[in-house]
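The values are calculated or read from the model by the stated rules, or taken from the named source; none is laboratory data. The structure displayed is predicted, hence computed values, not measured ones. Here Cβ is always computed from backbone atoms with ideal geometry, including for glycine, and neighbour counts include all displayed protein chains. For the accessible areas, the whole protein counts, side chains as well, though only heavy atoms, and no ligand, DNA or RNA atoms are used. Shrake-Rupley method; radii C 1.70, N 1.55, O 1.52, S 1.80 Å.
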Amino acid sequence: MNTEAIPFSSGNPRIEETRGVMHLFSNDTVSALPVERKPLACVLGVPNHMTYADFCQFCASFIHHISEMRIVRNDGMEDRYSVLIRFDSQDSADKFYQHFNNRQFNSLEEELCRVLFTLDVQFTGYTGSLDHVQSPPASSTEQPSCPVCLERLDQDASGILTTICNHSFHCSCISKWTDSSCPVCRYCQQQPEKSKCFICQTSENLWICVICGFVGCGRYKGGHAIIHWKETQHCYSLELETQRVWDYAGDNYVHRLIQSKTDGKLVELNSHCLHASDGCGSCHCIDSGVNEAMLTCETEIVNEYNELLRTQLENQKVYFETLLQQENEETERAIADAFNKTVMQKRQKMQAKLERCVKEKKFLEDLNENLLKNQEIWKAKLLEVEKREKKVLRMKGNKIQALEDQLRELMAQLEAAGKAVEQSSVSNENER
């Protein structure tokens, strides 16, 4: 099965550092476990925001089967760390791999736990003082004690966790430590981010404004620090590498204290002492007994700092008042633009509504006019129909009257004919 070699390191780089290489089995084939695996696994790429207690809580179900855990950092992964874990048996290592591999560290993140079996771990070098070298607990004649509970670090009794700064604790003790720093040396695994220029993102020759905290590069890079001074009139800037303060207005350094590169302490930088190597006999640092002169010098320094602070505060007040005025003007302009825009929108809506009303009015007027015309037409038609009906009724009445007259005449004729027939029949009987 394929293996990959991953370099790692541990320890506080400022004091001592241990480097090595761990050989891990590749997880290209997920179907089967490595044949030559050992009860040694590595959890790669644990996010830095997970503290030691968080990781112990994450694998709490297997904490009793873990003999030793070691926190290491991998090259090229500044925001992550890895954990080398030795189990008490191969079965426990296999179950840990099957349970935690490709599993989320928590439900709120998409980060997955990547577990690889470890073939071998080789230490390749050590830098630092030999006084800080700690022998592993298993190989020591007298086992060291846990700094928290002061009990012996016995792998058989409980698991041992070695932090990234090479300090060992019981897993049960370190799991109660909620801070991300080491309980012994306070070394934090979450290292602060490197400062970068706010404009060009470079990390070289950086200066920070002591007034507003703007970080810009020096004039030999992009010159964004001096551009910031020209825009804001913040004339004091601190060089991050040497901790020296530069005055852009006076074009010189104005600091009195600098940080020593040897022990990190603040030391006084006296401009009169710079020529001591030239044999200047009037140097104040040579005559240490002149207390009055030193007191006068300190008083002048305090007055100078007070004057610098006063002038800078005045400049800062003017600058922020200008910013506030600009912000108020922009706010008023934005309010006026928003008001005009709202009025224009309402006007457009009212205009569109008025146009619709005018169209509807014209439509109703046309409709009313057509209805009036139709009314006159229908009235004329109705009169004509009424006349026609009256005429028809008169004609019908005349016809009925004529027919009644004809009927009466016919009835009279019939009566007369009947009488004549009766008379003829009577006369015939008489003749007989």
message: Checking residue 396 against (1) open to solvent by less than 100 Å² (accessible area, probe 1.4 Å); (2) modelled with pLDDT of 90 or more, only one condition comes out false. Which one?
response: (1)
query: How many residues are assigned to a loop (DSSP other than H, G, I, E, B), charged (D, E, K, R) and over 30 Å from residue 71 (Cβ atoms) when one looks only at the stretch 186-245?
result: 5
message: Among the residues of the stretch 111-122, are any modelled with pLDDT of 80 or more, part of a loop (DSSP other than H, G, I, E, B) and assigned by the TED database to the domain that holds residue 72?
response: yes
message: Name the single residue that is farthest from residue 246 (Cα to Cα) among those in the stretch 217-233 being of a type in the set (D, E, K, R) and surrounded by fewer than 15 Cβ atoms within 10 Å (Cβ to Cβ).
response: 231
statement: Selection from the stretch 203-216 of residues within 30 Å of residue 11 (Cβ to Cβ), open to solvent by 40 Å² or more (accessible area, probe 1.4 Å) and in contact (Cβ under 8 Å) with a residue 12 or more places away in the chain yields 204, 205, 208
field: Within the stretch 184-202, considering residues that are open to solvent by 50 Å² or more (accessible area, probe 1.4 Å), modelled with pLDDT of 85 or more and not β-branched (Val, Ile, Thr), the one nearest to residue 147 (Cα to Cα)
entry: 196
- prompt: Hey, which of the strands (runs of 3 or more DSSP E) in the stretch 1-103, taking only ones fully inside, have at least 1 residues that are open to solvent by 70 Å² or more (accessible area, probe 1.4 Å) and of a type in the set (D, E, K, R)?
  reply: 16-25, 80-87
- prompt: Which one of the conditions (1) modelled with pLDDT under 90; (2) open to solvent by less than 100 Å² (accessible area, probe 1.4 Å); (3) acidic (Asp, Glu) does residue 431 fail to meet, given that it meets all the rest?
  reply: (2)
